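So that we are looking at the same thing, I have put the structure below in structure tokens.
The values are calculated or read from the model by the stated rules, or taken from the named source; none is laboratory data. Just so it is clear, the structure is predicted and the values come from calculations on it, not from any experiment. Positions of Cβ are backbone-derived with ideal geometry, glycine not excepted, and every protein chain shown enters the neighbour counts.
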Amino acid sequence: MPEMQLSGDPDLLPIEVLAYMAFPNDEDARNQLIASTIVTAAAESPDGEIQVPAAILKMVVEAPGLPAQAESVAQQAKKSGFICGNVLLNFLELSECTGDVSLAKSQFLTSKYLSKAKNHFGDKVANAEKSVRAAWKSHRSVAHLWAAQCLIVETENSREIVIEKLHSEGGFERLVAIAREIYIRTKRITLTSRAKFDIGEVWLVPEIPNLPDANIRINGLSSWMKEGLKAYVRRKR
């Protein structure tokens with residue numbers, strides 16, 4: 001599996017990983033997002049503590065609208081990432097609780113969730129099934145990272161998944177630790193079962209020293225998934 005190509009600067013590490021999460025298939029877009037994030041942070045720094053590398057400064061000078069443009073594109077990419085992460089979490093819940101799981105079923109349940117008037121994204125998503133397929137195609141290589149982010153921000157209200165054994169106050173380390181556990185569990189399930197689900201090649205974060213352990217406990221199917229499964233059975237008939 002390919003490893004992310006990172007600078008090695010610990011201060012840039014979270015920004016670089018976020019760029020991979022937003023644009024897993026577009027190196028130029030990743031670099032633009034990194035540049036715009038650094039420039040924005042430098043502009044907001046009260047004491048000028050953040051220094052902008054010359055190469056990044058040159059990029060922004062040549063394209064003055066870059067920060068706003070990159071952020072706008074990144075917001076749409078993040079939406080696709082959250083959708084993709086939900087598909088992978090559906091897979092894990094279905095595998096643990098029913099043993100009957102496939103990519104089609106995991107995507108269908110996500111589309112049912114998105115078609116509701118109120119969901120994590122705030123609004124009903126038009127053409128939900130098409131949006132889910134497109135999101136999976138574009139972001140499947142970072143699905144484990146987005147699944148971790150989904151768990152961090154929405155577990156309390158919408159899923160029966162508990163994050164255990166994670167004693168870290170750092171948001172980035174927390175994200176990477178949970179993503180690693182999700183990836184390991186996903187690979188184990190796909191290798192030892194007949195699940196019709198292939199995550200394909202994924203971007204792996206290089207080893208981070210002293211990364212905390214994380215464990216995921218699935219207590220059962222979420223209520224909205226149970227309702228969605230009834231609709232999936234009816235559709236198949």
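Taking the criterion of being of a type in the set (A, V, I, L, M, F, W, C) and modelled with pLDDT of 60 or more, would at least one residue in segment 47-66 satisfy it?
Kept after step one, since they are of a type in the set (A, V, I, L, M, F, W, C), are these residues of segment 47-66: 50, 52, 54-57, 59-61, 63, 66.
From what's left, modelled with pLDDT of 60 or more: none.
No: zero hits.
Kindly indicate whether any position in segment 34-42 is surrounded by 19 or more Cβ atoms within 10 Å (Cβ to Cβ), at pLDDT 60 or above, out of contact with any Pro (no Cβ under 9 Å at 6 or more places or on another chain) and assigned to a helix (DSSP H, G or I).
Quick first cut of segment 34-42, residues surrounded by 19 or more Cβ atoms within 10 Å (Cβ to Cβ) only: 34-39.
So of that shortlist, the ones also at pLDDT 60 or above come out as 34-39.
With the extra rule that they be out of contact with any Pro (no Cβ under 9 Å at 6 or more places or on another chain), the set shrinks to 34.
Adding the requirement that they be assigned to a helix (DSSP H, G or I) leaves 34.
Yes: one or more hits.
Suppose we filter segment 106-123 for residues that are hydrophobic (A, V, I, L, M, F, W, C) and modelled with pLDDT of 85 or more; how many remain?
Here is the first cut: in segment 106-123, the ones hydrophobic (A, V, I, L, M, F, W, C) are 108-109, 114, 117, 121.
Of the ones still in play, those that are also modelled with pLDDT of 85 or more are 108-109.
So the count comes out to 2.
Looking at segment 3-27 only, could you name the residues that are aromatic (Phe, Trp, Tyr) and not in a helix (DSSP H, G or I)?
Within segment 3-27, the first condition is being aromatic (Phe, Trp, Tyr), and the residues that meet it are 20, 23.
Once the filter is applied, which keeps residues that are aromatic (Phe, Trp, Tyr) and not in a helix (DSSP H, G or I), segment 3-27 yields only Phe23.
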